[in-house]
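Heads up, the thing below is written out as structure tokens.
The values are calculated or read from the model by the stated rules, or taken from the named source; none is laboratory data. Worth saying up front: this structure is predicted, and the values here are computed from it rather than measured. Cβ placement follows ideal geometry from the backbone for every residue including glycine, while neighbour counts extend to all protein chains displayed. Side chains included, ligands, DNA and RNA excluded: accessible areas come from the protein's heavy atoms. Shrake-Rupley method; radii C 1.70, N 1.55, O 1.52, S 1.80 Å.
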Amino acid sequence: MPPRTGSPPDSARLVVLGSAGLADGFSLIGADVYADAEPATVETVLEQLVRSGEAALVLLETPLAPAGGPWLNRLRNEGGRIVITELPPLPSPQDYAPAVDDVVRAVLGPDALK
């Protein structure tokens, strides 16, 4: 493994997996989009990113995140050159509750996020 220099990679991909409405918006800024992606698509894309050695920011629309899968779980636990985060569902962003909310409530109490 080469040493890390602290400088960012030359480029990183922006990859978006989610509903067509969400993905289409991101395509306007040059993201690699996978509209109406299924959990199997998430796994395939993540495996390709790992095997290619590319750096990437991967945005998953919330309904795809709980599905898990070997590559998604591995990258969530590893961290590093592929960062995965969730986006709220386009038709109901008010229903979005990130997984970290449960951790914050467990540590700081049930009223921590009010």
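Some notes on this structure:
- Residue in the stretch 30-39 that is farther than 16 Å from residue 82 by Cα, part of a helix (DSSP H, G or I) and aromatic (Phe, Trp, Tyr) present: no
- Contact map, the stretch 33-51: first residue farther than 22 Å from residue 21 by Cβ, second residue aromatic (Phe, Trp, Tyr), Cβ cut-off under 6 Å, separation 6 or more or different chains; pairs are 43/71; 46/71; 47/71.
- Count of residues meeting criterion [within 15 Å of residue 13 (Cβ to Cβ), open to solvent by 50 Å² or more (accessible area, probe 1.4 Å) and of a type outside the set (Gly, Ala, Ser)] in the stretch 45-74: 5
Residues checked against (1) more than 11 Å from the chain's Cα centre (by Cα); (2) at pLDDT 80 or above:
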residue	(1), (2)
53	yes, yes
70	yes, yes
77	yes, yes
86	no, yes
91	yes, no
97	yes, no
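- Residue match in the stretch 29-38 (condition: open to solvent by less than 40 Å² (accessible area, probe 1.4 Å) and among the small types (Gly, Ala, Ser)): yes
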